[in-house]
Amino acid sequence: MLTKKSAPKGKAAVLRDFALAYPGAHEEFPWGERVVKVKGKVFVFLGRDEGGLGLSVKLPRSGLLALGMPFASPTGYGLGKAGWVSVQFGPKDKPPMGVLKAWIDESYRAVAPKKLVKTLEGPRD
C-alpha cells in the first residue's frame, strides 16, 4: 500500500523539481501561474495545476523541431516570436519526459547568466 510519502510524484512535480535543481533557480507565482526563474527571468512556465500537464520553454536551438511535434505550439502573448514553445498534455497522455527535461535544460541555458551556465557540466537528464 502506498502512503502519501511513498506515492509516486506526478509528472508536473517531477519537472518542477528538475527545474528547481538548477543553480539560482527559484519558484514564483505571477499571474496565478507557477514559473521557475533564474536571476529574475523565467525559464519555464509550468501553468496553473489545472489537470494534465503543460509548460512553456525558450528553445533557441530546437524550437523549430519542437514545433513539428503534435503537442507543441508557439507560446502566446508574442513569446513564440522570441523562441518560446508551449506543450499541453491531457491527464491520460504520456508526455515524453526525457524530451521535456532536455527542453527545460535548453531553456535554462538560454536564459541564465553565462557564469551560472558555466557551472553546469553537461546536459542533465
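Candidates are the residues of segment 33-50 that are more than 21 Å from K115 (Cβ to Cβ) and open to solvent by less than 50 Å² (accessible area, probe 1.4 Å); the one that is modelled with the lowest pLDDT is G47. When the residues of segment 51-60 are narrowed to those that are under 15 Å from the mean Cα position of the chain (by Cα) and either among the aliphatic types (A, V, I, L, M) or surrounded by fewer than 13 Cβ atoms within 10 Å (Cβ to Cβ) (or both), which ends up farthest from W103 (Cα to Cα)? Going through the qualifying residues, I end up with L53. Residues in segment 97-109 that are open to solvent by 20 Å² or more (accessible area, probe 1.4 Å) and either under 17 Å from G47 (Cα atoms) or touching a helix residue (DSSP H, G or I) at 6+ places or on another chain (Cβ under 9 Å) (or both): 4 in all.
Picking from R61, R124, which residue would you name as being modelled with pLDDT of 95 or more and out of contact with any Pro (no Cβ under 8 Å at 6 or more places or on another chain)? Step by step, each of R61, R124 is checked, and only R61 is modelled with pLDDT of 95 or more and out of contact with any Pro (no Cβ under 8 Å at 6 or more places or on another chain).
Annotation: H26 fulfils all but one of (1) modelled with pLDDT of 95 or more; (2) outside any strand (DSSP E or B); (3) open to solvent by 20 Å² or more (accessible area, probe 1.4 Å); the unmet one is (2).
If you go through segment 61-92 and keep only what is more than 17 Å from V44 (Cα to Cα) and open to solvent by 80 Å² or more (accessible area, probe 1.4 Å), you end up with L64, L65, P70, P91, K92. Just the residues that are small (G, A, S), out of contact with any helix residue (DSSP H, G or I) (no Cβ under 9 Å at 6 or more places or on another chain) and outside any loop (DSSP other than H, G, I, E, B), please, taken from segment 29-62. Matches in segment 29-62: G32 only.
The values are calculated or read from the model by the stated rules, or taken from the named source; none is laboratory data. Since this is a predicted model, take the numbers as computed values, not measurements. No Cβ is skipped: glycine too gets one built from the backbone with ideal geometry, and neighbour counts run over all protein chains shown. Ligands, DNA and RNA are excluded from the accessible area calculation, which covers all protein heavy atoms including side chains. Shrake-Rupley method; radii C 1.70, N 1.55, O 1.52, S 1.80 Å.
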